[in-house]
Amino acid sequence: GYIALIHLREENQHLHEEIDQLRAEKNRYIEKSLAYDRLKGTLELIEERDLSAIPARVIGYDPTNQTNTITVNKGSDDGVQESWPVITQDGIAGMTVAVSKNASKILLLIDPNCNVAALVQRTRDQGIVGGQSKKDAYIMKYVNRRADIRERTSYQLTDLSLKELAKEGIP
């Protein structure tokens, strides 16, 4: 029986390794599925609103964590320019702040240095919306003291550089 146990131990170890490989493969498939859903939603938004857009892939993040920036794989060779808005299926994500031939640096809307004019859809009150370095955390500044601003409010951008998107009602 002892010899059989040795073989069972080896087989058990081999099966554990295979399970680990299958879990890693499953995680890769889940991540690809989520990426596909995000891309599909963004492309549907572009098609639905008849926007001209240059789809790009995130290829880097700010390594210092001092600014909320990302790098995408499209640049001036693809027609990208500075100060262009960046959108996802959920709405405005940020704007281009630096463009090279093959890549662009995007300042995300959650960064405190990224502020845009906006209005509250419900009340039409205007102000400036800026990030707070937290995911989905924004603050509206320079707004009328009597304005009825509530948590989880949807803003519509009114910045001149984002004029076309504002007309489209992108949050």
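The values are calculated or read from the model by the stated rules, or taken from the named source; none is laboratory data. None of the values given here were measured: they were computed from a predicted structure. Every residue, glycine as well, gets a Cβ built from its backbone with ideal geometry; the counts of neighbours run over all protein chains shown. Please note that ligands, DNA and RNA were not included when accessible areas were found on the heavy atoms of the full protein model with its side chains. Shrake-Rupley method; radii C 1.70, N 1.55, O 1.52, S 1.80 Å.
Residue check: is Asp77 of a type outside the set (Phe, Trp, Tyr), open to solvent by 70 Å² or more (accessible area, probe 1.4 Å), touching a residue at least 24 places away in the same chain (Cβ under 8 Å) and over 22 Å from Ala35 (Cα atoms)? Can you show your working first?
Details: of a type outside the set (Phe, Trp, Tyr): yes; open to solvent by 70 Å² or more (accessible area, probe 1.4 Å): yes; touching a residue at least 24 places away in the same chain (Cβ under 8 Å): yes; over 22 Å from Ala35 (Cα atoms): yes.
The answer is yes for Asp77.
Within the stretch 11-59, how many residues turn out to be of a type in the set (S, T, N, Q), closer than 16 Å to Ile92 by Cα and free of Cβ contacts under 8 Å to residues at least 24 places away in the same chain? Steps first, please.
As a first pass, look at the stretch 11-59 and keep what is of a type in the set (S, T, N, Q): 12-13, 21, 27, 33, 42, 52.
Next, from what is left, pick out any that are closer than 16 Å to Ile92 by Cα: 42, 52.
Filter once more, so that each one left must be free of Cβ contacts under 8 Å to residues at least 24 places away in the same chain: 52.
Qualifying residue count for the region: 1.
List pairs: first residue in the stretch 118-129 and within 11 Å of Asn144 (Cβ to Cβ), second residue in a loop (DSSP other than H, G, I, E, B) and open to solvent by 70 Å² or more (accessible area, probe 1.4 Å) anywhere in the structure, Cβ distance under 7 angstrom, at least six positions apart or on different chains.
As it stands, the answer is Asp125/Asn144; Gly127/Tyr142, since those pairs meet every condition given.
Need the failing condition index for Gln89 against (1) open to solvent by 60 Å² or more (accessible area, probe 1.4 Å); (2) more than 19 Å from Ile46 (Cβ to Cβ), just the number.
(2)
Name the residues in the stretch 125-151 that are over 25 Å from Leu107 (Cα atoms) and open to solvent by less than 100 Å² (accessible area, probe 1.4 Å), would you?
So the first thing to find is which residues in the stretch 125-151 are over 25 Å from Leu107 (Cα atoms), and the list is 125, 144-150.
Matches in the stretch 125-151: Asp125, Asn144, Ala147, Asp148, Ile149.
List the strands (runs of 3 or more DSSP E) that sit entirely inside the stretch 1-94 and contain at least 2 residues that are modelled with pLDDT under 85 and within 18 Å of the chain's Cα centre (by Cα).
Output list reads 85-88.
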